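S.K.: Take this structure, written in structure tokens, and hold onto it; I'll ask about it next.
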């Protein structure tokens, strides 16, 4: 007679077979037998999203942890909609534009349009929901690559979105406007439908971002066949960057975010009088702070079935809890790596104090910080040598966050933009706050982004005459909440105030100058 472990292993094999055949982790109840379904749910390998629908989960997840759901959200929407409506559905114009612009933040409510819909709201996990609206869909439908979501085309979405979208999500709107090479696709739809009001709104939007050529083309073409078009700017403010057409939404999005957020930083960050810093005195003080900094920084730090897991379960050796000896070794390697990285950062700081461009120095040196941070783990066999190769090549998620970091290809577009912004920014406070935030927002590495982000922040602070600043683990919740608000709502206020609250007083700063 099969043991409990053997039965669970059989169920895991069925789950693995399904995942391999379908290349996703969203399960409809009819796709597994009830025996396997109940067994996997009871042992924490499946989590119910709504009646008849499940996602693969981690059996060791803490109750209330949102990570598994947020990392599965968009894939769930895609698989569910495809199962229910086949290909006769799409997201709204507004959600399509957010995705076209590179914003993959999990919304409180996803909205599906379909002529087969029933106008119902379905409650999902962690206070999210899904609304299906019985209505027409975009034509043509664009299949989004990462999750298989059905979207409006870029041109049609800009035409069909609510006028409020330009005001409520101006960064996404301006990013999408910059992606259009000319007026052709826009005009094809406007002329076919005779949409004069929308033509005027889009002309005003293009003129706002500095693209007068497309604005004039829309107005003149509509007028040439007898339409009366009144141009109207749907934005409530003027663009903060010079117009440049780009094929990457991330380039424009990051520039717009930086220019919008820098004004908030300047208004809320304490000023300091930059004076000469004695390198020897400062480095001695920094060495004295290392132990405290390492303690706090190290303290502040998805799922598929594998053959190894199945065999562990079958043999009865599977334990959800971490192996203590393995954890101790991992912690020891992390501590050694942090010390080595700290020494590399000190070398960068010397260059900064000597007057080098702080943005250029970080651009040149951050890869060395990363290598030093993780080389002990490679030597110990905890990581593969290829893990030191550079920026990540896989999608990564942040535990408990509604923000989805950029995909690997987008990382390679975004990082040069970040360093250009750092190099050209005159205010050290802006470089420090936004440099840290943008680094973790992009999340260029599989691990260590928070630690390197804090190193980056401090090199920029020092360039402006501020002292080394430690983020205490006791305030981790506020720190993470401020980063989340900045990532999801594009509101940097709380993060600016949080970092500002940690800056040592003037008398403390004078002691190292």
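S.K.: For region 4-57, what class follows from the C-alpha gyration tensor (a ≥ b ≥ c being the square roots of its eigenvalues): rounded when a/c is under 1.5, otherwise prolate if a/b is larger than b/c, else oblate?
M.R.: Because a/c hits 1.5 or more and a/b fails to exceed b/c, region 4-57 counts as oblate.
S.K.: Residue 131 to residue 167: FRET efficiency via 1/(1 + (r/R0)^6), r the Cβ-Cβ distance, R0 30 Å, to the nearest 0.05?
M.R.: Working: r = 22 Å, r/R0 = 0.74.
The computed FRET efficiency comes out at 0.85.
S.K.: I've got another one for you. Give the peptides 441-450, 127-136 in descending order of average Cβ contacts within 10 Å, highest first.
M.R.: 441-450, 127-136
S.K.: Counting every Cα pair in region 382-453, what percent are over 20 Å apart?
M.R.: On the way: 828 of 2556 pairs.
When every Cα pair of region 382-453 is considered, 32 percent fall beyond 20 Å.
S.K.: Provide the packing ranking of 92-101, 290-299, 418-427, 365-374, i.e. peptides ordered by the mean count of other C-beta atoms within 10 Å per residue, highest first.
M.R.: Packing proxy ranking, top to bottom: 92-101, 365-374, 418-427, 290-299.
S.K.: Then there is this: Rounded to the nearest 0.05, what FRET efficiency is calculated for residue 143 and residue 394 with R0 set to 30 Å and r the Cβ-Cβ distance?
M.R.: Between residue 143 and residue 394 the formula returns 0.85.
S.K.: What's the ranking of 188-194, 429-435, 77-83 by average number of surrounding C-beta atoms within 10 Å, highest first?
M.R.: The packing order, highest mean first, is 429-435, 77-83, 188-194.
S.K.: From the C-alpha coordinates alone, can you work out the Kirkwood hydrodynamic radius of region 1-130, in Å?
M.R.: After inverting the pairwise mean of 1/r, the radius is 16.1 Å.
S.K.: A further question follows. Each label point is 7 Å from the Cα along the Cα-to-Cβ direction; what then is the distance between the points at residue 5 and residue 34, in nm?
M.R.: Taking the simple label geometry, residue 5 and residue 34 are separated by 3.0 nm.
S.K.: What whole-number volume per residue, in cubic angstrom, does the convex hull of the C-alpha atoms of the chain give?
M.R.: Numbers: hull volume 78.0 nm³, N = 513.
That works out to 152 Å³ per residue.
S.K.: For an R0 of 35 angstrom, estimate the FRET efficiency from the Cβ-Cβ distance between residue 19 and residue 246 and round to the nearest 0.05. Present the calculation step by step, with values, prior to reporting the outcome.
M.R.: Details: r = 36 Å, r/R0 = 1.04.
Computed FRET efficiency for residue 19 and residue 246 comes out at 0.45.
Each reported figure results from applying straightforward, stated rules to the coordinates on display, with no laboratory input. Treat the numbers as computed from the prediction; the structure is a model and nothing was measured. Using ideal geometry, Cβ is built from the backbone for each residue, glycine included, and neighbour counts are taken over all protein chains shown.
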